[in-house]
Amino acid sequence: MGAAEAAGSALLTGVAGWLFVGFALLILGTAIAVVWSKNPVHSALFLLASFLLVACVFILEEAEFVGAVQILVYAGGIMVLFLFVIMLVHQRTAAGTPAFQHQWDIALLLLPVFLIPFLYILGTEKFTDIARNPDAFRAVAGRVIGNTEAVSWLMFRDYLLPFEVASVFLLVAMIGAVVLGKRSFEKVD
Amino acid sequence: MTITINHFLILSFLLFAIGFFGVLVRRNFLTVLMSIELMLNAVNINFIAFSRRLSDLTGQVFSVFVITIAAGEAAIGLALTISLFRQRKTLNVEEANTMKG
């Protein structure tokens with residue numbers, strides 16, 4: 001701890017660290033509730049809580065712009081879409097049918113297959129924990145302005161082509177969603 | 001409490017595992033889509049954490065792109081949900097087995 005503080009860039013210590021622990025536990029709890037709930041409306045509401053908590057973690061990590069985008073796009077857009085579709089396809093939840101498929105035990109057995117390589121990497125790799133340049137998130141060309149400005153500079157200068165591709169992707173997704181949602185396939189077969 | 005990158009990795013691993021489990025075992029197609037969103041969130045947590053440790057903003061830009069992809073994926077997935085429901089009157093993924101070999 002002393003070395004990190006001497007460098008002036010200790011990441012997430014003290015109260016911020018405990019906040020992270022609380023957010024992380026709540027994220028995992030709400031995520032388990034999403035998968036566990038039988039009613040899709042409950043799942044959607046737990047998912048909303050999970051998105052907001054992940055946004056809190058982003059803001060804790062000094063990624064304020066991404067946190068705001070997370071709240072706007074996920075909590076504002078995707079969640080409304082989910083709830084809208086849940087209301088549209090209002091299905092009579094059959095009380096007898098179990099929520100899980102029969103292969104859930106096999107799925108649980110898959111966990112060690114992923115856990116063992118993960119723990120191996122966690123044990124052998126040494127990732128850095130000290131930010132070399134703490135102002136990198138707020139500075140553009142040496143001037144400290146703000147996280148949103150810094151992200152937009154990088155996005156529109158170095159990642160302009162991916163940005164345009166993403167906009168075309170959204171257009172394609174929109175047309176695809178309209179076509180899929182509009183056409184009735186009942187007469188096809 | 002000092003949080004290291006390992007804590008972030010454990011958090012995102014567990015979140016990804018929960019989402020993966022949901023994709024594999026849930027019968028309801030809507031919940032499967034929600035589990036996919038959980039997995040994308042786990043990836044974003046890793047991007048943000050490593051972005052700060054490496055003092056490189058690229059991770060944040062990439063997580064914005066991931067959120068964009070997630071939005072498109074949710075739109076297409078929900079349109080598929082409506083299409084499936086119209087055709088089969090159910091959201092159970094086990095009943096959508098026309099192409100089963």
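We did not get these values from a lab; they are worked out from the coordinates using the rules stated. Model, not experiment: these values are computed from the prediction. In this analysis, Cβ positions are derived from the backbone assuming ideal geometry, glycine residues included, and neighbour counts consider all displayed protein chains.
A few points about this structure:
- Residues of the stretch B:32-66 with amide N under 13 Å of the 7 Å Cα→Cβ point at A:Arg157: B:57-58
- Just so you know, the averaged projected area of the alpha carbon convex hull for the stretch B:5-92 sits at 5.6 nm².
- Extension reserve of the A:His90-A:Val41 stretch, reckoned as 0.36 nm per residue once the Cα distance is removed: 16.6 nm
- With a Förster radius of 25 Å applied to the C-beta separation of A:Trp18 and A:Asp135, the computed FRET efficiency comes to 0.50.
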